[in-house]
1. Name the residue that is modelled with the highest pLDDT, counting only residues in the range 102-137 that are hydrophobic (A, V, I, L, M, F, W, C) and open to solvent by 80 Å² or more (accessible area, probe 1.4 Å).
2. Say whether the condition of being modelled with pLDDT of 80 or more and touching a Cys at 6+ places or on another chain (Cβ under 8 Å) is met by at least one residue in the range 82-92.
3. How many residues does the range 141-163 contain that are more than 18 Å from Lys65 (Cα to Cα) and either open to solvent by 10 Å² or more (accessible area, probe 1.4 Å) or assigned to a loop (DSSP other than H, G, I, E, B) (or both)?
4. Which is of a type in the set (Phe, Trp, Tyr) and under 14 Å from the mean Cα position of the chain (by Cα), of Phe169, Phe139?
5. May I ask you to list the residues in the range 88-101 that are out of contact with any strand residue (DSSP E or B) (no Cβ under 6 Å at 6 or more places or on another chain) and open to solvent by less than 60 Å² (accessible area, probe 1.4 Å)?
6. For residues that are touching a residue at least 12 places away in the same chain (Cβ under 8 Å) and open to solvent by 10 Å² or more (accessible area, probe 1.4 Å), tally how many sit in the range 171-204.
7. Taking the range 159-170 only, how many residues are under 18 Å from Pro27 (Cβ atoms) and either in contact with a helix residue (DSSP H, G or I) (Cβ under 6 Å, 6 or more places away or on another chain) or hydroxyl-bearing (Ser, Thr, Tyr) (or both)?
8. Any residue in the range 108-135 that is basic (Lys, Arg) sitting within a Cβ distance under 7 Å of a residue that is not in a loop (DSSP other than H, G, I, E, B)? List the pairs, counting only those 6 or more apart or interchain.
Amino acid sequence: MKKDKATKKKKDDRSFFYKLTAPLAGPIVFPFLRLKIVKGKDCIPDEGAFIAAGNHISNFDPIAKYFSQKRQIRYMAKVELFKIPVVGWAVRSYGAFPVERGSADMSALDKAVEILEDGHVLGIYPEGTRSKNGEIGRFKTGFAYIAHKANVPIYPFAIYSNKKKVRLFGKYSVAFGDPVTPQELGIVEGTAKEYREAANKLQEIVAELRDYCREVRG
């Protein structure tokens, strides 16, 4: 008996390069960075669209996120990366898409909404750039706009290192918190004020998760 279209297993649209290389990163990430998922590993759903949003401390963060929940996460990445031979191809293979930093890049925001409407996971670093000292910078409001437009939950996460910069054989930790809806963050009408308040609330949640990582691993 043929399966109904609605019950068919969702097509695995991960690129061959992603499926080949992402698992191979494990032997590097776990022993040399001493990666540990300290909270919320089982709270991430196996299917359905959502935004994973949290702080950003190193170039290893996307890899750490892969091993913390196993689903491929699509990311915005600075447009300059896509202009570099080989690097541009690699980041696209990992599901990244370009964004013009420092401006309201509506095409990137629309692409993000489209990704979520297709049932995928979108990863966002609301700070907009990596932290240079390990502290959490002020969250920007783009994630709030996207969550409101796509009407999807946000899974907050925190990444923590016991060093200001991620170093080999340090302690590199990831913690996920409970999901929050745009409405729970106070987004109802989609105003700039609501987005700003939502960004502040999410930043507080991420800071609490970061502090939890620090308490657990020192």
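1. Met106
2. So far as the range 82-92 goes, no, none of its residues is modelled with pLDDT of 80 or more and touching a Cys at 6+ places or on another chain (Cβ under 8 Å).
3. The number of residues fulfilling the criteria is 9.
4. Just a single option satisfies the conditions, and that option is Phe139.
5. Once the filter is applied, which keeps residues that are out of contact with any strand residue (DSSP E or B) (no Cβ under 6 Å at 6 or more places or on another chain) and open to solvent by less than 60 Å² (accessible area, probe 1.4 Å), the range 88-101 yields Gly88, Ala90, Ser93, Phe97, Pro98.
6. Total meeting the criteria: 15.
7. Number satisfying all stated conditions: 1.
8. Listed by first residue and then by second, the contacts come to Lys111/Phe97.
The values are calculated or read from the model by the stated rules, or taken from the named source; none is laboratory data. Computed from a prediction, not measured in an experiment: that's the story for all the values here. A quick note on method: Cβ atoms are made from the backbone with ideal geometry, for glycine too, and the neighbour counts reach across all protein chains shown. Protein only, heavy atoms only, side chains kept; ligands, DNA and RNA dropped before computing areas. Shrake-Rupley method; radii C 1.70, N 1.55, O 1.52, S 1.80 Å.
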